[in-house]
Amino acid sequence: MTSAEEPMAVAVTRLRTAGMRVTAPRMALLMAVSDSAEHLDADTLRDRAQQITGHLSLQATYNVLRALTDAGLVRCTQIPGHPTRYETERHDNHHHFVCRRCGAICDVECAVGAAPCMEPRLPEEYDIQEAAVTFWGFCPDCRAAATGS
Ligand SMILES: [Zn+2]
Ligand SMILES: [Zn+2]
């Protein structure tokens, strides 16, 4: 078995478990997302997926990413001023820190451990299911660059 076969088999299983038909673009993009611990945008994922499956249009990339997100395999995060980022959905209700300067994103563990991890002031008729928190600031590199230290 070559090293490329195993992640492929994992991707096929995950697609089938989610009730999705297995197609080459879906497999390649799911592999590209799961392959990385980062939060990648559609452009970067398309580049990586194309190394597995050959040409993929940006539109097809967006369509597949949306389908994977709808199926609960991929989590997408919209950060104002940045392209949508994608990561593996782990259902862990984590939040994000975003660097104001370079746009780097890192995961912040859920403050409470269960969704929603905040008690908003809303009438009890509302059914609140989750809270998405974005922490803004400077990453260590940008902080160092700003202070010149
Ligand atoms: Zn930064
Ligand atoms: Zn994340």
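If you check Thr88 against the conditions, is it touching a Ser or Thr at 6+ places or on another chain (Cβ under 6 Å), modelled with pLDDT of 85 or more and open to solvent by less than 60 Å² (accessible area, probe 1.4 Å)? Yes.
Only residues that are under 25 Å from Thr61 (Cβ atoms) and either outside any loop (DSSP other than H, G, I, E, B) or away from ligand 2 (no atom under 12 Å from the Cβ) (or both) were counted across the range 105-134, and they come to 4.
Among the residues of the range 65-82, write down those that are in a loop (DSSP other than H, G, I, E, B) and at pLDDT 90 or above. Before the answer, list the steps.
Pass one, the range 65-82, residues in a loop (DSSP other than H, G, I, E, B): 71-73, 78-82.
Within the range 65-82, Ala71, Gly72, Leu73 meet the criteria.
Considering the range 49-63 alone, what residues qualify as being aliphatic (A, V, I, L, M) and modelled with pLDDT of 95 or more? Selection gives Ala49, Leu56, Leu58, Ala60.
Among the residues of the range 118-149, which ones are loosely packed, with under 10 Cβ neighbours inside 10 Å and among the aliphatic types (A, V, I, L, M)?
The answer is Leu122, and nothing else.
The set of residues from the range 30-41 being outside any loop (DSSP other than H, G, I, E, B) and touching a residue at least 40 places away in the same chain (Cβ under 8 Å) comprises Leu30, Val33, Ser34, Leu40, Asp41. Checked against the criterion of being more than 16 Å from ligand 1 (Cβ to nearest atom), under 19 Å from the mean Cα position of the chain (by Cα), surrounded by 11 or more Cβ atoms within 10 Å (Cβ to Cβ) and not assigned by TED's automatic domain parsing to the domain that holds Thr17, the range 96-107 contains not a single residue that satisfies it.
Determine if the range 58-75 includes at least one residue that is free of Cβ contacts under 8 Å to residues at least 12 places away in the same chain and either among the β-branched types (Val, Ile, Thr) or more than 24 Å from Ile128 (Cα to Cα) (or both).
yes
The values are calculated or read from the model by the stated rules, or taken from the named source; none is laboratory data. For clarity, every value in this text was computed on a predicted model and none was experimentally measured. All Cβ positions, glycine included, derive from the backbone under ideal geometry; neighbour counts span all protein chains shown. Calculation scope for accessible area: heavy atoms of the full protein, side chains included, ligands and nucleic acids excluded. Shrake-Rupley method; radii C 1.70, N 1.55, O 1.52, S 1.80 Å.
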